[in-house]
Amino acid sequence: MKVELEKSFPLPGSADVAWEFLQEVEAVAACMPGAKITEPVPGGGFKGTVTVRVGPATMSFRGQVEVREVDPSARTLRLVGKGTDSTGTSGASMDLAARIEPVSASASNLVGRSEISMSGKAASFGARMMNTVADQVLKQFAGNFAERVAERTAQRPANAPPDRSGPARELNAFAILWGALRDWLRGLFRRKAA
C-alpha cells in the first residue's frame, strides 16, 4: 500500500532560520511524534525508531534514514528511510522531499512531499486510515517544527544574518538540548499527574 502526501505549513521565522534548522536531521526528527534517533551511521545516515498508533494497534518501527540530496540555493533536501516493525510483520519506506519557501522577512513555509509505502500487517489498515494518521502526525510535527523555528528566531537579534560559525552552532545545539530536556520533564510530570 502506498500513501502520497503533500503539505505546506506556515513558520514564524525567516527562510534562513528555518533552513538552518531543517538541515539538522537529529533535531528535526525530535519534532516528529514517536520518533527517536538512536545513532549516527557512517556516510551521513541515522538509525532510529518510530512508534505510531494506527487505530487500535501501536506499531514500533526500527530503521534507518539518510539524507540523499541537499540544495542550499533552493533550500531543499530529500530524506529516504526504511524500517521494519519490532515483530517483523510489517515494513515501511519513506521518500520525503522538503523545502523552505520565503514568505516575508519574518515568515516562511515548510513544504513537504512524501511517498510512504507499507507492507505486511501495517498495509491491512488501509489507505484511508493511514492518511488520517499521517495527517495528524504531520500536524503535530509541523507545530513542533514551528515552535523550534520561533525559539531560534527569538535567540537571533533582529535583522542579523544567519551565523554559520562554530559558537552559533553550539548555542543552537544548547537550545535544542534544553528544549528536549524541558519536553522530557513536562512529559514526566504529566505522567505522574495522571
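Rundown of residues vs (1) touching a residue at least 12 places away in the same chain (Cβ under 8 Å); (2) farther than 23 Å from ARG152 by Cα; (3) touching a helix residue (DSSP H, G or I) at 6+ places or on another chain (Cβ under 6 Å), yes/no style:
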| site | (1), (2), (3) |
| --- | --- |
| ALA35 | yes, no, yes |
| GLY44 | yes, yes, no |
| VAL50 | yes, yes, no |
| PHE61 | yes, yes, no |
| GLU66 | yes, yes, no |
| THR89 | yes, yes, yes |
| SER93 | yes, yes, no |
| ILE100 | yes, no, yes |
| SER106 | yes, no, no |
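For the condition under 16 Å from ARG113 (Cβ atoms) and part of a strand (DSSP E or B), GLU66 does not qualify. The numbered conditions (1) modelled with pLDDT of 70 or more; (2) within 22 Å of VAL80 (Cα to Cα) are all true for ALA150 except (2). Of all the criteria given as (1) closer than 22 Å to MET1 by Cα; (2) exposed (fewer than 15 other Cβ atoms within 10 Å of the Cβ), the one not satisfied by LYS36 is (1).
Does SER73 fit the bill of being surrounded by 13 or more Cβ atoms within 10 Å (Cβ to Cβ), in the same structural domain as THR49 (by TED's automatic domain parsing) and either modelled with pLDDT of 90 or more or in a strand (DSSP E or B) (or both)? Considered against the rule, which asks whether it is surrounded by 13 or more Cβ atoms within 10 Å (Cβ to Cβ), in the same structural domain as THR49 (by TED's automatic domain parsing) and either modelled with pLDDT of 90 or more or in a strand (DSSP E or B) (or both), SER73 comes out as no.
Collect the residues in the range 65-88 that are under 26 Å from ALA18 (Cα atoms) and in contact with a Phe, Trp or Tyr (Cβ under 7 Å, 6 or more places away or on another chain), keeping them in residue-number order. Of everything in the range 65-88, those that are under 26 Å from ALA18 (Cα atoms) and in contact with a Phe, Trp or Tyr (Cβ under 7 Å, 6 or more places away or on another chain) turn out to be VAL65, ARG75. Residues in the range 29-38: is at least one more than 14 Å from the chain's Cα centre (by Cα) and part of a strand (DSSP E or B)? Within the range 29-38, one or more residues are more than 14 Å from the chain's Cα centre (by Cα) and part of a strand (DSSP E or B). Within the option set GLY34, GLY45, being on the phi > 0 side of the Ramachandran plot and assigned by TED's automatic domain parsing to the domain that holds ARG113 holds for one residue only, GLY34.
Restricting attention to the range 26-51, which residues are closer than 30 Å to SER124 by Cα and β-branched (Val, Ile, Thr)? VAL28, ILE37, THR38, THR49, VAL50, THR51, listed by residue number. Here is the figure for the range 9-33: residues that are out of contact with any helix residue (DSSP H, G or I) (no Cβ under 9 Å at 6 or more places or on another chain) and either closer than 19 Å to ALA105 by Cβ or buried (at least 16 other Cβ atoms within 10 Å of the Cβ) (or both) total 5.
In the range 110-132, what residues are crowded, with 16+ Cβ neighbours inside 10 Å and under 17 Å from the mean Cα position of the chain (by Cα)? Passing the criteria: LEU110, VAL111, GLY112, SER114, ILE116.
Quick check on my filter: what residues within the range 101-128 are under 19 Å from THR84 (Cα atoms) and assigned to a helix (DSSP H, G or I)? Correct list: LYS121, ALA122, ALA123, SER124, PHE125, ALA127. Among the candidates GLY126, GLY112, GLY83, the residue that is modelled with pLDDT under 90 and farther than 21 Å from ALA35 by Cα is uniquely GLY126.
The values are calculated or read from the model by the stated rules, or taken from the named source; none is laboratory data. In this text, all values refer to a predicted model and were calculated from it rather than measured experimentally. Note that we place each Cβ from the backbone using ideal geometry, even for glycine, and neighbour counts take in every protein chain shown.
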